[in-house]
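The values are calculated or read from the model by the stated rules, or taken from the named source; none is laboratory data. Just so we're clear, the structure is a prediction, and the values are computed from it rather than from any experiment. Cβ placement follows ideal geometry from the backbone for every residue including glycine, while neighbour counts extend to all protein chains displayed.
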Amino acid sequence: MNNHRTFFLFIIITFSYISISAQTIKGKVTSSDKAIAYANLVIDSINIGVSANDSGTYFFNSVPLGNHFLLVSAIGMNTKKILINVKDGVNIIDIELESTNYNLNQVVISATKTNKKITDSPVIVSVISNKFLNDVQACNLAEGLNYQTGLRIEYNCQTCNYTQVRMNGLNGSYSQILINSRPIFSSLIGLYGLEQIPSNMINRIEIIRGGGSSLYGSSAIGGVINVITKIPDYNKVNVSYDFYRFKKNIYDQSVSANSTLVNENKNFGVTLSVNKRERMAYDHNGDNFSELPYLNNKNFNFNIFLVPSNNQKLELNLGSLQEYRYGGEMIDEIAHFAMQSEERIHEILIANLDYQIDFNNKLSELIIYLAGQKADREHYTGIRPQINTYNDSIHLINPPYGKSFNKIKQFGIQLNHKHDLFLKPNTLTIGSELITDDILDKIDVYNYRVDQQVNKQALYLQSDWDITKRFNFLSGLRFDKHSLISDLITSPRIAFLYKIKKNIQLRTTYSTGFRAPQAFDSDLHLAFAGGGVSRIILADDLVEERSNSISSSINFDQVLENYIWGFTIEAFNTHLNNAFYQDPVGADDIGEVFVKRNGSGATVKGVTIDLRANINNRVNIESGFTFQESIFGNAVKYSDHLEPIKEFLKTPNTYGYASVDLKSFENFSFNANLVNTGKMNVLHLAGSPNQNQDEYKISPVFNVIGLKASYKYLFLEYDLKLVCSVGVKNIANSYQEDFDISKNRDSNYMYGPSLPRTYYVSVAFSTF
């Protein structure tokens, strides 16, 4: 109860502030004398942004006197940056935008694989902007996803710290992660990839909760997360440095740079993003075994677009991720000399190419795309026997090093066509894609080998029908032929949107999904427990997992001259058939063995609540909370020494977040944020000196509070700005305190937040 009070007190805090000035700016955004609805306007120097209404009218309140750069953007329009001089009183500034020399809809997730306003989408789409990632000081994708309703980032393995995102209570392998709308975030990358993608490379993140297999195939049972990388919009440069300190002499630091170049005709643009990060190993309990591994990351991303004519567009994205990761005994020796350790060396390449063309008087759109990913990994996972024994000699002669290889190739074609055959606008979509996914993961010493070749062919159909101005009906159907499934998989989806009023929307969605009987990210993780290395193998008779999901929601937003507020309430229910679970079958000479099998089924149901408000463009509040229940139909055995239980492990019934952004003074901003995780069941296996038997434990409640203060130094004559920030993450040090010790620890006994109390400074230098 106290936990709930803490959360709700946090999100309803109100701020009193004195405005330095009373200047206002208002006007209208047009193009060729036509109003541009929902254009985005940002005064970058004071971190204030607004959206024009449906008639193109916009309004800024309490803008400081003087010169400011105003950035204006809209779909299908060239981004415009103008210098404005704000005087005392009301400033009338009308803005004329120029149309781009192409009029193509960007293929984004948006629940429909077509560009569509959020308020008009029959399926709820949530967006995390790059600005929000900066506001909460999320240095990578994993940290950013914590600030979204229904999502929770789970950190696993005390030694290597791999991450997974839980969506509506389902673990990471139930969510389809896309890079620029393509499913090339593989099982191998999924182990560590959420932490490997830095926030400076992300333009936005689009999220759909609930079954998405009708468009995206396997693994989209829980939902879809689409990571959109930085795209060229206008000329700019940004360089930043971030320094984090956990405790004395333990630090995490990164250097990032972004550069964008767009030509005068706006038909060619390039964005280059680079990031270098190094984090020292962190030992929380003082046993000389790390709780956070050493990291050394290098990232490179390159986006380019070309518009050869007014109805064509070509986009290319190239990305490179390199990482060295080491966790375990903290010694200055090679990995296999440690009493227990994991070492990972990753080389990852990601690419996608999209070609789009409009025809038929811009009623039809054809998209052809190629995408691929190649990952190489060298790794060590081992426990050293007692020193100076025969087994130790064998270990030193032939240590358990392994190699991994993963390659994904995708080809797709999609046709969108708008028509009025049924008297009202209808967008028909038909698409087909071919995907191959080859993975090899092996450690010869352990006789461990995952060698999997997956081929997928799919055909999908969709109708997006505006029956009336208030009522939309979405229907879709996908056919998948999966090489590991004998029968053709059919995945339907229907969704309804009804606008009671302009600012009130009701939605209901029914969808199905499936998960193929293949190795997923968590299956590729070798865990330490009881002095051995545990492994997960797939049962020979494993069949696909199927799901049925239904959700209903109400969305309300009130937009007035000086404030905006709103809420979204969604109820969801997902039933799984043949749900996968891990069956402990005993130990061998290497360690514990778990077999992935099909269970009777499982149900995840609950309610999510989103609350949001913006006051005078000075105070912005975003929050979300989830209440849920996740249970198997029949009790599941997690240990030979414990009674089976129905509850999901590491799945809290309550969790949420809140963020408050305050801009009360000129060039100064302040952010306070909270990530809440409720109690959950956790399995603790015996082996460590402090744990002599298997047992279930109930984790404590965690409230991770962050504070950040930023100040902008403006050099308007040079079109430059310097942003300096200081802050603290997890200010109350809400962190797991009962980590296992020594080399025989249960490495999966990790359930708390990612970081202890962490202080940081950040410096960013950029053009407007």
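Assorted remarks:
- Restricting Ile221, Ile225 to residues that are of a type in the set (A, V, I, L, M), touching a residue at least 24 places away in the same chain (Cβ under 8 Å) and in contact with a Gly (Cβ under 7 Å, 6 or more places away or on another chain) narrows the list to Ile221.
- Screening Ala527, Ala571 for residues that are without any contact (Cβ under 8 Å) to a residue 40 or more places away in the chain and either assigned by TED's automatic domain parsing to the domain that holds Asp610 or touching an Asp or Glu at 6+ places or on another chain (Cβ under 9 Å) (or both) leaves exactly one candidate, Ala571.
- Cross-chain or 6+ apart pairs with Cβ under 7 Å, the range 753-768 first and without any contact (Cβ under 8 Å) to a residue 60 or more places away in the chain and assigned to a strand (DSSP E or B), then crowded, with 19+ Cβ neighbours inside 10 Å and not hydrophobic (A, V, I, L, M, F, W, C): none
- Pairs with Cβ under 7 Å, 6+ apart, first in the range 245-260 and more than 19 Å from Gln137 (Cβ to Cβ), second assigned to a strand (DSSP E or B) and charged (D, E, K, R): Thr260/Lys236
- Taken over the range 342-359, residues that are closer than 30 Å to Ala281 by Cα and of a type in the set (D, E, K, R) amount to 4.
- Asn352 touching a residue at least 12 places away in the same chain (Cβ under 8 Å), at positive phi and of a type outside the set (Lys, Arg): no
- The lone exception for Leu415 - which of (1) under 27 Å from the mean Cα position of the chain (by Cα); (2) hydrophobic (A, V, I, L, M, F, W, C); (3) surrounded by fewer than 17 Cβ atoms within 10 Å (Cβ to Cβ) it fails: (1)
- Screening the range 623-669 for residues that are part of a loop (DSSP other than H, G, I, E, B) and among the charged types (D, E, K, R) and picking the one that is nearest to Gly172 (Cα to Cα) gives Lys650.
- The listed residues are Ser742, Ser725, Ser734, and the only one of them that is part of a strand (DSSP E or B) and either among the polar types (S, T, N, Q) or in contact with a helix residue (DSSP H, G or I) (Cβ under 6 Å, 6 or more places away or on another chain) (or both) turns out to be Ser725.
- Of all the residues in the range 469-484, those that are over 30 Å from Asp420 (Cβ atoms) and either touching a helix residue (DSSP H, G or I) at 6+ places or on another chain (Cβ under 7 Å) or surrounded by fewer than 16 Cβ atoms within 10 Å (Cβ to Cβ) (or both) number 2.
- Set Gly687, Gly706: member being assigned to a loop (DSSP other than H, G, I, E, B) and in contact (Cβ under 8 Å) with a residue 40 or more places away in the chain: Gly687
- Test: residue in the range 432-447 that is assigned to a strand (DSSP E or B), among the polar types (S, T, N, Q) and in contact (Cβ under 8 Å) with a residue 60 or more places away in the chain: no
- Meets criteria (assigned by TED's automatic domain parsing to the domain that holds Phe648 and surrounded by fewer than 21 Cβ atoms within 10 Å (Cβ to Cβ)) for Val704: no
- From the list Ile500, Ile536, the one residue that fits, being surrounded by fewer than 18 Cβ atoms within 10 Å (Cβ to Cβ), among the hydrophobic types (A, V, I, L, M, F, W, C), in the same structural domain as Gly606 (by TED's automatic domain parsing) and in a strand (DSSP E or B), is Ile500.
- Among the residues of the range 109-146, those that are part of a loop (DSSP other than H, G, I, E, B) and modelled with pLDDT of 90 or more comprise Val136, Gln137, Ala138, Cys139, Asn146.
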